[in-house]
Amino acid sequence: MDTAPRTPSGRTAAEFKQWSKDHKPLAMAVCRAMAFAEVEQQRVDAYVRPIFDSFNFVDEHEKKIEHPKDVYLSQDEAACKAFFARCDEAHRAHGFKGPEGHCPALEAETVLRIAEDALLRAGADFLEIEELHIYGEDRKKMLDLLLGACINA
């Protein structure tokens with residue numbers, strides 16, 4: 001009789017270890033996407049910040065907007081349009097070939113989210129979780145668990 005401890009879905013630790021080995025390439029893809037997204041954000045911030053600083057964005061309460069990621073809080077549509085047009089020109093000047101109006105840092109973040117979602121879905125399938133609605137801190141915990149298991153397998 002098998003007396004190995006099982007997860008609520010009936011999986012054993014040995015099965016999880018094998019799953020982790022099998023999914024190590026997926027975890028490594030998440031790690032690569034994570035590193036690229038971080039570096040790309042720093043690269044884009046370096047050339048977007050001077051553009052942002054040339055504007056004086058304020059929110060609806062006339063409080064100064066301190067970071068480019070918060071420009072959406074501005075009520076000044078003309079300034080926002082001008083800012084994003086200058087950012088798009090800067091993206092092109094820095095080698096971005098993606099669609100007009102897109103940001104290379106956000107594109108990298110999207111690739112990261114797709115990789116993370118693939119790993120989360122694989123983990124949910126293994127654990128026989130039908131619907132994967134994990135957000136915030138729970139998403140981070142699940143990703144950390146799966147990444148750690150796969151990388152250390």
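Just so it is clear, none of the values below were taken in a lab; they were calculated from the coordinates. Just so we're clear, the structure is a prediction, and the values are computed from it rather than from any experiment. Counting neighbours? That spans all protein chains shown, and the Cβs are built from the backbone with ideal geometry, glycine included.
Determine the relative contact order of region 19-153: mean sequence separation of Cα pairs under 8 Å and six or more apart, normalised by residue count, in whole percent. Can you show the working numbers first?
Details: 107 pairs, mean separation 50.8, N = 135.
Averaging sequence separation for qualifying contacts and normalising by length gives 38 percent for region 19-153.
About the Cα centre of region 38-111, how large is the charge dipole given +1 on each Lys and Arg Cβ and -1 on each Asp and Glu Cβ? Please answer in debye to the nearest 20.
Taking the Cα centre of region 38-111 as origin, the dipole is about 260 debye.
How about LYS24: which lysines have a C-alpha closer than 17 Å to its C-alpha, ignoring those fewer than 8 places off in the same chain?
Partners found: none.
Just the Kirkwood number for the chain, please: inverse of mean 1/r across all distinct Cα pairs, in Å, one decimal.
Across the chain, the inverse of the average 1/r is 18.4 Å.
Can you compute the FRET efficiency between GLN18 and GLU89 using 1/(1 + (r/R0)^6), with r the Cβ-Cβ distance and R0 = 30 Å? Round to the nearest 0.05.
Once the sixth-power term is evaluated, E becomes 0.05.
Going by the alpha-carbon gyration tensor, a ≥ b ≥ c the square roots of its eigenvalues, is region 52-120 rounded (a/c under 1.5) or, if a/c is not under 1.5, prolate (a/b greater than b/c) versus oblate?
Values: a/c = 3.02, a/b = 1.53, b/c = 1.98.
Oblate, since a/c reaches 1.5 and b/c is not below a/b.
Helix-only mean residue ellipticity at 222 nm, the chain, DSSP H runs n ≥ 4 weighted -39,500 (n - 2.57), per residue, nearest 500. What is it?
-21500 deg cm²/dmol
Could you pull out every one of the lysines with an alpha carbon less than 26 Å from that of LYS97, ignoring same-chain neighbours closer than 8 positions?
LYS69, LYS81
So for the pair VAL39, ILE151, with labels modelled 7 Å out along Cα→Cβ, what separation do we get in nm?
Placing both labels 7 Å along Cα→Cβ, they lie 1.6 nm apart.
Magnitude of the Cβ-charge dipole of the chain, K/R +1 and D/E -1, about the Cα centre, nearest 20 debye?
Roughly 640 debye, rounded to the nearest 20.
Mind checking which helices in the chain clear 18 Å along their axis (Cα) and have mean Kyte-Doolittle hydropathy of -0.5 or more, DSSP H runs only?
Span-like helices in the chain: 24-53, 77-93, 104-126, 136-151.
Using a cut-off of 30 Å between alpha-carbon atoms, which lysines can reach LYS21, once sequence neighbours fewer than 8 places away in the same chain are excluded?
LYS21 reaches LYS140, LYS141.
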